[in-house]
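Encoded as structure tokens, the structure appears first; notes follow it.
The values are calculated or read from the model by the stated rules, or taken from the named source; none is laboratory data. Predicted, not measured: the structure shown is a model, and the values here were computed from it. Cβ placement follows ideal geometry from the backbone for every residue including glycine, while neighbour counts extend to all protein chains displayed.
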Amino acid sequence: MTQTTPKTAVVAVGGNALILDKKHEDVASQVGAVEQTCKHIADMVEKGWNVIVTHGNGPQVGFILRRNELAAGEVHQTPLDVIGADTQGSIGYMIARALDNEFTQRGIQRLVAAVVSQVVVDGNDPGFTNPTKGIGGFTTEDKARQFEQEGWMVKEDAGRGWRRMIASPQPLRIVEREAIKTLIDAGFIVVGVGGGGIPVVEDEAGMLKGVFAVIDKDRASALLAADLQVDLLLISTAVEKVAINFNKPNQQWLDRMTLSEAKQYYAEGHFLSGSMGPKIEAIIAFLEASPHGQALITDPSHMVDALAGKTGTWIVAD
């Protein structure tokens, strides 16, 4: 009997997979949220999928920055690239442990590996001269000026207070790509490229150096999916399906879009930069680089039904 090669998916889990709301930000609540999401990922594995899990880390980075502020003068400050590594380790541990336990309960013979991942960016990326990504909490102008003295760029944010701003450059190369591929080929479920990866720049001698930046998690997930030519990029978010004319009287939920339609809707402004926009951008990039791949957007609880074609929004090549 011919054995079918399992399909491989990059599953990018959003913030709702870690923090449900402002009242559940503590570690125990994060672990509980991760465990719920991992049940749905285990359902995928049980149905024969190979899975690479990527994840966000925005709130966790903010928490560590706040601890830095509170501990100033008592202990050393933590550089941003090291904070990225810290969050990859802690969130990767939560996901790996939850999946390990879920597999044990179900009798699934699969191993999980979390890989701390660096992602190369261009030091001349326009994002560095025009930082657009707010990081950490809101503060006063006096405190913001103090951050400015420490090398941060700061900006007043629509009357809500001052905030540190940081570059969000385009991801170019995943340093640990071959390690992730080797693990997947060996049968591991992999957690990698957490928080979009730790941003590093590469000099002419090939030396890597961490930089003050954050990489969009969905962009990095799309790059990984394209590099590995996976069958599916699944972006898990807070909604079951994608809509055009969102929150308007003529709102329309979408079961399916072609690549051309996705580009058209994006150009027409249906997907905002603070919500669905980066996800659609990432999927367009993936499908342009992987014409045989497919993409799917849904929420964690509908993953399996969406994979069966019952819900979710599928985005496919023309």
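I'd like to check something: does segment 310-318 contain any residue that is within 18 Å of the chain's Cα centre (by Cα), at pLDDT below 95 and either buried (at least 17 other Cβ atoms within 10 Å of the Cβ) or within 25 Å of residue 173 (Cα to Cα) (or both)? Scanning segment 310-318 turns up no residue that is within 18 Å of the chain's Cα centre (by Cα), at pLDDT below 95 and either buried (at least 17 other Cβ atoms within 10 Å of the Cβ) or within 25 Å of residue 173 (Cα to Cα) (or both). One residue stands out among those in segment 136-172 that are touching a residue at least 60 places away in the same chain (Cβ under 8 Å) and either closer than 23 Å to residue 207 by Cβ or in contact with a Leu (Cβ under 7 Å, 6 or more places away or on another chain) (or both): the one that is surrounded by the fewest Cβ atoms within 10 Å (Cβ to Cβ), which is 151.
What number of residues within segment 17-38 are in a helix (DSSP H, G or I) and surrounded by fewer than 18 Cβ atoms within 10 Å (Cβ to Cβ)?
Here is the first cut: in segment 17-38, the ones in a helix (DSSP H, G or I) are 17, 27-38.
Now drop any that are not surrounded by fewer than 18 Cβ atoms within 10 Å (Cβ to Cβ), which leaves 27-29, 31-32, 35-36.
Qualifying residue count for the region: 7.
Listed residues 108, 64, 135; which is part of a loop (DSSP other than H, G, I, E, B), β-branched (Val, Ile, Thr) and either touching a helix residue (DSSP H, G or I) at 6+ places or on another chain (Cβ under 7 Å) or in the same structural domain as residue 238 (by TED's automatic domain parsing) (or both)? Before you say what the answer is, go through the steps one by one.
Details: 64 fails: part of a loop (DSSP other than H, G, I, E, B); 135 fails: part of a loop (DSSP other than H, G, I, E, B).
Going through 108, 64, 135 in turn, the sole match is 108.
Among the candidates 255, 227, single out the residue that is under 24 Å from residue 53 (Cβ atoms) and either at pLDDT below 95 or not small (Gly, Ala, Ser) (or both). Full working, then the answer.
Numbers: 255 fails: under 24 Å from residue 53 (Cβ atoms).
Of the residues listed, the single one that is under 24 Å from residue 53 (Cβ atoms) and either at pLDDT below 95 or not small (Gly, Ala, Ser) (or both) is 227.
Among the residues making up segment 102-124, those that are surrounded by fewer than 18 Cβ atoms within 10 Å (Cβ to Cβ) and not hydrophobic (A, V, I, L, M, F, W, C) are 104, 105, 106, 107, 109, 110, 122, 123, 124.
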